[in-house]
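*Asks:* Please read through the structure below; I'll follow up with questions.
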Amino acid sequence: MRNHPQFSAYAALVSVCFFWGTTYLGIRMALETFPPALLVAVRFTLSGSILLIGALFMGAHIPRGRELARSAGNGILLVGLGTGGLVWAETMIPSGLAALIITISPFWMVGLDAIMPPRTPLHGPTLLGMAIGLGGAALLVGPGALAGGAAGQYLILGFCILQVGCLSWSLGSMLQRRQETRAHPIVSGGVQQLAAGLAFIPVALFLQGPVHWSTRGISATLYLVTFGSIIGYSSYVFALDRLPVSMVSLYNYVNPLVAVFLGWVFYREPFGLREAVAMLIIFTGVAVVKHAEARRRKLA
């Protein structure tokens, strides 16, 4: 297997599938020490600085001027608000549930693609896939929301915050993909992460949430910096450069499985028949959308 010409690329994809799946649990543990805004600021300021320092030592091209400003702005949207929404939502809903809800984020990408020039109109199969996926999301969230009380309100609020985060992540991804840059994707990722971390420092200072120092919280934060932001992101970029997008997109299905399992093991987060059925429905909807969009691009 090691002699396979794409061994390194597949190893990187496995790394993404596993490590990005563990970040949901890592965020929940890190929140035991840091409030949400401060966690985002600390995590991405550290990871972005480390990536850019490494790039400088290797003599890589560092964006400047307008290129730097655009990458930084995309980073605030993609990494800052996108991941920030997840972090904030995990103060209200279980980490595994958050991972399952985020699975519908490709719908935002398709929707934005339909309204941003050059516009790609939505068609029947894509709309059908979106309807299936949203039906799964309704089954996942609806019963808890209809139960009422504080738990139901937090569930609805957490779901809405995740959708804002998914929208921001999708918009930042599309803008970054359309930006012309000489920088290596990992360098651009370092700029994005550092910009997001620095942008959240004043937010963290303004909110001034309490910090509860604990070994587990600090360890989880360092894990997020190392395996979520540096190794995970670099592996994603490497796999995307060497493997078909359809292959790399498998992480969208594996990450929630890892997150749900770890959430149940460490926090006994609930996962029963309804959650399992909802997960399968969401996965089916996302698969239909991806297949429909791939087929449309092939025929275009």
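The values are calculated or read from the model by the stated rules, or taken from the named source; none is laboratory data. This one's a predicted model, so the numbers in the text were calculated from it and none came from an experiment. Neighbour counts run over all protein chains shown; Cβ positions are idealised from the backbone, glycine included. Protein only, heavy atoms only, side chains kept; ligands, DNA and RNA dropped before computing areas. Shrake-Rupley method; radii C 1.70, N 1.55, O 1.52, S 1.80 Å.
*Asks:* Could you check, for region 30-41, whether at least one of its residues is surrounded by fewer than 20 Cβ atoms within 10 Å (Cβ to Cβ), of a type outside the set (Lys, Arg), closer than 27 Å to residue 152 by Cβ and touching a helix residue (DSSP H, G or I) at 6+ places or on another chain (Cβ under 7 Å)? Give the steps one after another, and end with the answer.
*Replies:* Residues of region 30-41 that are surrounded by fewer than 20 Cβ atoms within 10 Å (Cβ to Cβ), as a first pass: 32, 35.
Retained after the next criterion (residues that are of a type outside the set (Lys, Arg)): 32, 35.
Right, trim to closer than 27 Å to residue 152 by Cβ and you get 32, 35.
Narrowing further to those that are touching a helix residue (DSSP H, G or I) at 6+ places or on another chain (Cβ under 7 Å): 32, 35.
Yes: region 30-41 contains one or more residues that are surrounded by fewer than 20 Cβ atoms within 10 Å (Cβ to Cβ), of a type outside the set (Lys, Arg), closer than 27 Å to residue 152 by Cβ and touching a helix residue (DSSP H, G or I) at 6+ places or on another chain (Cβ under 7 Å).
*Asks:* Being open to solvent by less than 30 Å² (accessible area, probe 1.4 Å) and under 16 Å from residue 25 (Cβ atoms) is the filter here; which residues of region 98-117 pass it?
*Replies:* Here is the first cut: in region 98-117, the residues open to solvent by less than 30 Å² (accessible area, probe 1.4 Å) are 98-101, 103-107, 110-112, 114.
Residues satisfying the conditions are 98, 99, 100, 101.
*Asks:* Let me ask something additional. Restricting to region 175-216, name every residue that is hydroxyl-bearing (Ser, Thr, Tyr), surrounded by fewer than 16 Cβ atoms within 10 Å (Cβ to Cβ) and in a helix (DSSP H, G or I). Walk me through how you get there before you give the answer.
*Replies:* From region 175-216, those hydroxyl-bearing (Ser, Thr, Tyr) are 181, 188, 214-215; that's our starting set.
Subset that is surrounded by fewer than 16 Cβ atoms within 10 Å (Cβ to Cβ): 214-215.
Residue satisfying the conditions is 215 alone.
*Asks:* Same structure again: Starting from residues that are part of a helix (DSSP H, G or I) and of a type in the set (S, T, N, Q), keep the ones in region 239-274 and report whichever is modelled with the lowest pLDDT.
*Replies:* Within region 239-274, the subset part of a helix (DSSP H, G or I) is 239-242, 245-248, 251-267, 273-274.
Filter once more, keeping what is of a type in the set (S, T, N, Q): 246, 252, 255.
Values: 246: 70, 252: 85, 255: 93.
Result: 246.
*Asks:* I need the full set of residues from region 1-60 which are among the polar types (S, T, N, Q), under 24 Å from residue 205 (Cβ atoms) and part of a loop (DSSP other than H, G, I, E, B), in order please. First the steps, then the outcome.
*Replies:* Here is the first cut: in region 1-60, the residues among the polar types (S, T, N, Q) are 3, 6, 8, 15, 22-23, 33, 45, 47, 49.
Then keep just the ones that are under 24 Å from residue 205 (Cβ atoms); that gives 33, 45, 47, 49.
Answer for region 1-60, where residues must be among the polar types (S, T, N, Q), under 24 Å from residue 205 (Cβ atoms) and part of a loop (DSSP other than H, G, I, E, B): just 33.
*Asks:* May I ask you to verify whether residue 169 is over 21 Å from residue 42 (Cα atoms) and part of a helix (DSSP H, G or I)?
*Replies:* Details: over 21 Å from residue 42 (Cα atoms): no; part of a helix (DSSP H, G or I): yes.
No.
*Asks:* While we're looking at this one, here's another question. Would you pick out the residues in region 280-300 that are among the hydrophobic types (A, V, I, L, M, F, W, C) and open to solvent by 90 Å² or more (accessible area, probe 1.4 Å)? Give the steps one after another, and end with the answer.
*Replies:* Just the residues of region 280-300 that are among the hydrophobic types (A, V, I, L, M, F, W, C), to begin with: 280-283, 286-289, 292, 294, 299-300.
Answer for region 280-300, where residues must be among the hydrophobic types (A, V, I, L, M, F, W, C) and open to solvent by 90 Å² or more (accessible area, probe 1.4 Å): 280, 299, 300.
*Asks:* I'd like to check something: does region 114-124 contain any residue that is assigned to a helix (DSSP H, G or I) and in contact (Cβ under 8 Å) with a residue 12 or more places away in the chain?
*Replies:* The initial filter retains those residues of region 114-124 that are assigned to a helix (DSSP H, G or I), namely 114-115, 124.
Retained after the next criterion (residues that are in contact (Cβ under 8 Å) with a residue 12 or more places away in the chain): none.
No: region 114-124 contains no residue that is assigned to a helix (DSSP H, G or I) and in contact (Cβ under 8 Å) with a residue 12 or more places away in the chain.
*Asks:* While we're on this one: Checking the conditions here, which among 93, 101, 50 is of a type in the set (Val, Ile, Thr) and modelled with pLDDT of 95 or more?
*Replies:* Result: 50 is the single residue among 93, 101, 50 that is of a type in the set (Val, Ile, Thr) and modelled with pLDDT of 95 or more.
*Asks:* Would you be able to tell me the number of residues in region 125-158 that are at pLDDT 90 or above, surrounded by fewer than 18 Cβ atoms within 10 Å (Cβ to Cβ) and not aliphatic (A, V, I, L, M)?
*Replies:* 1
*Asks:* Kindly list the number of the only condition in (1) farther than 21 Å from residue 197 by Cβ; (2) surrounded by 19 or more Cβ atoms within 10 Å (Cβ to Cβ) that fails for residue 76.
*Replies:* Among (1) farther than 21 Å from residue 197 by Cβ; (2) surrounded by 19 or more Cβ atoms within 10 Å (Cβ to Cβ), residue 76 violates only (1).
*Asks:* Those residues that are open to solvent by less than 70 Å² (accessible area, probe 1.4 Å) and either under 16 Å from the mean Cα position of the chain (by Cα) or on the phi > 0 side of the Ramachandran plot (or both), I need them from region 241-279; list them, please. Write out each step before concluding.
*Replies:* First, pick out the residues of region 241-279 that are open to solvent by less than 70 Å² (accessible area, probe 1.4 Å): 243, 247-249, 251-256, 258-260, 262-263, 265, 267, 269, 272, 275-279.
Within region 241-279, 248, 249, 251, 252, 253, 254, 255, 256, 258, 259, 260 qualify.
Here's the yes/no breakdown for (1) basic (Lys, Arg); (2) closer than 19 Å to residue 241 by Cα; (3) touching an Asp or Glu at 6+ places or on another chain (Cβ under 9 Å); (4) touching a residue at least 60 places away in the same chain (Cβ under 8 Å):
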position: 15; (1), (2), (3), (4): no, yes, no, yes
position: 33; (1), (2), (3), (4): no, no, no, yes
position: 36; (1), (2), (3), (4): no, no, yes, yes
position: 43; (1), (2), (3), (4): yes, no, no, yes
position: 56; (1), (2), (3), (4): no, no, no, no
